[in-house]
1. Among all helices in the chain defined by DSSP H, which have a length of 30 Å or more along the axis from Cα atoms plus a Kyte-Doolittle mean of at least -1.0?
2. Among H224, H133, H235, whose mean-square fluctuation peaks in a Gaussian network model of the chain (Cα, cutoff 10 Å)?
3. What is the packing order of peptides 194-204, 136-146, 260-270, taking the mean over residues of other C-beta atoms within 10 Å and listing the highest first?
4. Once you list every other residue whose beta carbon is under 12 Å from the beta carbon of Y67, what net charge do they have if Lys and Arg are +1 and Asp and Glu are -1?
5. For the chain, with only Lys/Arg (+1) and Asp/Glu (-1) charged at the beta-carbon, what is the dipole magnitude about the Cα centre, in debye rounded to 20?
6. In percent, what relative contact order does the chain have, based on Cα pairs under 8 Å that are 6 or more apart in sequence?
7. Using mean Cβ contacts within 10 Å as the protection proxy, how do 154-161, 239-246 order, highest first?
8. With a 10 Å radius around each residue's Cβ, average the other Cβ atoms per peptide and rank 22-34, 119-131, highest first.
Amino acid sequence: MMDIFFNSFNNTIYWIINMVALRTPWYQNYFWGLIIISFSIWLLEVFVPWRKRQSIFRKDFDIDFFYMFFNFFIFAIVINGVYALVGNKANEYGVTMKSFTLINLDHFNPYQQLIIFFVLSDFLQWITHIILHRVPWFWKFHQIHHSTKEMGFAAHLRYHWMENILYKPLKTFAIMLIGGFEPEQAYIVHFTAIVIGHLNHSNLNITWGPLKYILNNPVMHLYHHAYELPENKKHGVNYGISLSIWDYIFRTNYLPKVDKYLKLGFEGDDKIPQKFSQQFLYGFVKLKKDKPNFR
């Protein structure tokens, strides 16, 4: 069993090293892809900022920037080994990637396969996002993401490592529903999700016009981070990840008259520790006696 863990552990390290050293195809280089996307959107924030009073290096920019690489690459080294062990145990019980197949993609062309994969994955992530807000123990971890007080692209990947453990199985489940098939062009979905996620948290005034009912956007997502929420939606609003359509369909959308300097956070966010080492343990270790509120 430990061989499985350490093989996956070592393979993930080599995978990251090869990306950094530019020894992977460009479309599979998620390391430099993340840097290029981040730098491009940061330049837009510099030259066409929505909130002009906000500093270029806003509050918590440094820790948010670190979170981007920690959650995507550093933490992946360990967690991929754990997933390898879980996958091996599932196989022992006869559970395979085709066990829960609902959709056979063999009859669809590559672009249709890609769209189905993207939409299904996004819907399952939307459901997971709601769970993070409504289940008190999960909300404790999600508070790290909502503790940001100024929005910028790097806030996209500012989240507790436990969220990796919640979201990754959902992506795997999405693949299982389509017969264990992950489109060859899945990298397009990955980079598209990064671009949209970065933009949603950016200091940019983008609404996408009529497409706002399909695509999530920075203006809509700003109200997801609002300190004060409508009384009938106290757990949260605008849960969309890449797509906003789920919020409109299930009536979790909320977009009043826009205030770009809207107060962000949640009641009790002053109890969130400022250091990464403390945030890493947040949700497991009671750092303060006060019990923070949850949505």
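The values are calculated or read from the model by the stated rules, or taken from the named source; none is laboratory data. For clarity, every value in this text was computed on a predicted model and none was experimentally measured. Here the Cβ is made from the backbone with ideal geometry for all residues, glycine too, and neighbour counts use every protein chain on show. These accessible areas exclude ligands, DNA and RNA; they are computed on the full protein's heavy atoms, side chains included. Shrake-Rupley method; radii C 1.70, N 1.55, O 1.52, S 1.80 Å.
1. Going by DSSP H runs, the hits are 110-134.
2. Per the Cα network of the chain with a 10 Å cutoff, H235 tops the list.
3. Going from most to least packed, we get 194-204, 136-146, 260-270.
4. -3
5. 920
6. 22
7. 154-161, 239-246
8. Those peptides, ordered most packed to least, come out 119-131, 22-34.
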